[in-house]
Every structure is written in C-alpha cells, then in structure tokens.
C-alpha cells in the first residue's frame, strides 16, 4: 500500500523589504516527482527536465544516477519509474540505432492499445511498442504524456536496474537538444488534443482514457499561508518564519539565501506532486505533514 506523504514548498512571491530582489532557487526533489500509478502530472517532469538541462549534461547525469541509486532502497521502486521517464525525455536514439525501452519496469498496459493477440511481449512484434517508441511516455510539443496505465512485473528484481538503464543511455544514446520549458495551459491543451486525435491509437479511446490523459495536465492548487522570514540557519538548513503571529521552524534547502523580513508564501502540496504557478521561484523543502485546518 502506498503511503501518502506531503511535501512542503516555499514559493518566493514577496520581495526583500525596501528592495526589488527576487529569489530564484534551482533545488530539485526528484524523488517527489509523481509516480505513474498515483496522479501522474506533466508539469513536474517538464520542470525537472528543464532544470537538469540547465545544469549541463555531466551534472544532470550525476543527478539521474543519484535518483536511480535510490531505487535500490526498499520501498523506493517508484524511483525506477521516475528515472525511466526522465531518461526518455533527456536522451534520444543515435542515428542508425534504437533507444531501448526501460524493460526494468516490466510489461506495460497501454491506453488505446492493441488487443493481446497483437501485443506479445516482444519489442519487434508488439504493435504497441512500435507505435509508442518512447514508452512509457509520448512527448507532444514538449509535453510528456503518460500513455500506459501501469506495468506487470514477473521474475527477479535487480536493485541496480535503474542505475544500469541510466548508464545504458549515457553510453548508447545522445543527449537531447530539445529544450524543455513549462507551457501555458492553452498550449498544453493543444498538445493534449493533438495526442487524443492521433491516428496511432489502435482503437478509439474510451471516455476514462481521455480523462486519464486530461488529468495529466491539470494541477490541484494547494492551500497556502503567508509568512515573514525571521532567520535562516544556513548550516542547519532550518528556516524560521512568522506565520499567523507565531514563529515556525521548517527544514529546507536552497541555493540562494533568504533574508530576515522577506515576505514569502508557504504552499502545502499533496504527495509532492504539484508545483506552484511560478515553479522557477520555488524552494524545495523536506516532506512535512499536511497542516491541520
């Protein structure tokens, strides 16, 4: 059973009092990216891919390997999915070669897929694999839609399979030159319509399948409270801020300093799956319980 956790993000909406300085943080929590099973969303992956590309190929690869290594830890198998999706976004097949699918995930169930007789567990013969060469996703105008509903896995589980897949991509694929960036809602809906109307589907999509794709571009806006920074203990990674008249302490990480008197808005996000409307101004902090109302 999956345990639902809550992540705490601080979106920097305010300014340093008396000055016009914005705070931009590039910290990432790749392990908080949505899994394929629970409320997959495109925006967190677009943001993560853009940040990884922004730090350069070698640094990004180190981040991916770090994420993949956590997949070897008990109860962290969702990081295999996150690793596979990011690899599919950030790498491309070299000319004259193929980009192997992430077989570590198992056998997929596709949306609008071919019937079982046309979908044997063979990359060469399974029409679904042929139709969706970037499985488990299909990138439409820079939007990574999930085209599977899940995976079936049988056999021995290799705890190093995610790391092996990253190293396979590094050695056998090219780093993608496509620059990922967040899209306004009209552009994402246009990409969604293009995917739904695609002739690649082996059968007409049912209503629930179209809804499944639609929900991938929708974000549930979280509750928020406003606060004022009192002190930041950089060494301990602890932020002290005043919220509703009381001082609260929160663990967090930031690549930029927060200053006393800075006004910020605190967001609470279910399962770390959501991002604020201005994610490039977000500071990621460690998971915390959802606040009581």
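Bear in mind that the values in this text are calculations on the coordinates, not laboratory data. Every value quoted in this text rests on a predicted model; they were computed, and no experiment measured them. Cβ coordinates were reconstructed from backbone atoms using ideal geometry, including for glycine residues, and neighbour counts include every protein chain displayed.
Shown for 46, 217: other C-beta atoms within 10 Å of each C-beta, ranked fewest to most, produce the order 217, 46. Extension gain for residue 73 to residue 263 (0.36 nm times residue separation, less C-alpha to C-alpha distance): 64.6 nm. Applying 1/(1 + (r/R0)^6) with r as the Cβ-Cβ distance of residue 189 and residue 240 and R0 = 30 angstrom yields a FRET efficiency of 0.15. The alpha carbons of segment 30-215 give a radius of gyration and a Dmax of 15.9, 45 Å, in that order. Cβ crowding within 10 Å ranks 192, 64, 182 as 182, 192, 64, fewest other Cβ atoms first.
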